[in-house]
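Only one structure is covered here, and it is reproduced in the block below.
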């Protein structure tokens with residue numbers, strides 16, 4: 001399939017709009033669908049003012065997984081940033097959506113340290129939004145599996161993202 005614009009939309013569990021942006025469809029491989037954002041791209045959280053990113057990035061939307069991953073070029077502080085989210089739903093070839101479940105797994109630059117962020121927000125939103133037990137379990141399992149895979153640089157967290165980044169550099 002040829003390059004096209006894709007609306008990438010994260011919502012919160014109550015359906016409210018969270019982060020959203022328009023990116024370019026780059027292609028697919030055994031890891032999922034790759035979407036690209038060149039330097040100067042913007043993203044917006046809800047109705048807040050857009051944020052401009054100085055470095056290019058690619059977003060991996062895997063099939064049936066409880067996460068998505070962003071691979072950033074320097075000088076971004078996070079080399080890999082994974083959102084724990086419900087499995088992606090493609091509304092059309094031009095729009096994909098998922099529910100952000102607060103937890104994030106990040107590989108930092110420059111030391112490569114991997115950690116989980118926003119555990120406090122995850123705990124708070126379990127109460128606020130009434131997350132069901134199976135959703136909590138899926139999110140926690142996905143975060144733990146990602147920490148292991150990203151730390152070990154198991155693909156797609158090794159070098160495979162470089163070829164996709166080349167398409168938006």
From the option list 62, 38, single residue qualifying as surrounded by fewer than 19 Cβ atoms within 10 Å (Cβ to Cβ), within 28 Å of residue 112 (Cβ to Cβ) and within 13 Å of the chain's Cα centre (by Cα) is 62
Note: among 59, 44, just one is outside any loop (DSSP other than H, G, I, E, B), free of Cβ contacts under 8 Å to residues at least 40 places away in the same chain and at negative phi, namely 44
Considering only residues that are surrounded by fewer than 18 Cβ atoms within 10 Å (Cβ to Cβ) and in contact (Cβ under 8 Å) with a residue 60 or more places away in the chain, which ones fall in the stretch 142-166?
155, 160
Per-region count, the stretch 155-169, residues out of contact with any helix residue (DSSP H, G or I) (no Cβ under 8 Å at 6 or more places or on another chain) and part of a loop (DSSP other than H, G, I, E, B):
7
Identify, from the list 126, 138, the residue that is under 25 Å from residue 33 (Cα atoms), at pLDDT 95 or above and assigned to a helix (DSSP H, G or I).
138
Residue identified as farther than 21 Å from residue 120 by Cα and in contact (Cβ under 8 Å) with a residue 60 or more places away in the chain among 50, 93:
93
Six or more apart or on different chains, Cβ under 6 Å: which pairs go from a residue in the stretch 124-141 that's touching a residue at least 60 places away in the same chain (Cβ under 8 Å) to one that's not in a helix (DSSP H, G or I)? Could you list them?
125/102; 129/13; 129/14; 138/66; 139/84; 139/101; 139/103
Before we move on, is residue 101 in contact with a helix residue (DSSP H, G or I) (Cβ under 7 Å, 6 or more places away or on another chain) and modelled with pLDDT of 95 or more?
yes
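The values are calculated or read from the model by the stated rules, or taken from the named source; none is laboratory data. These numbers come from a predicted model, not from an experiment. Methodologically, a virtual Cβ is constructed for each residue, glycine included, from the backbone with ideal geometry; neighbour enumeration extends over all protein chains shown.
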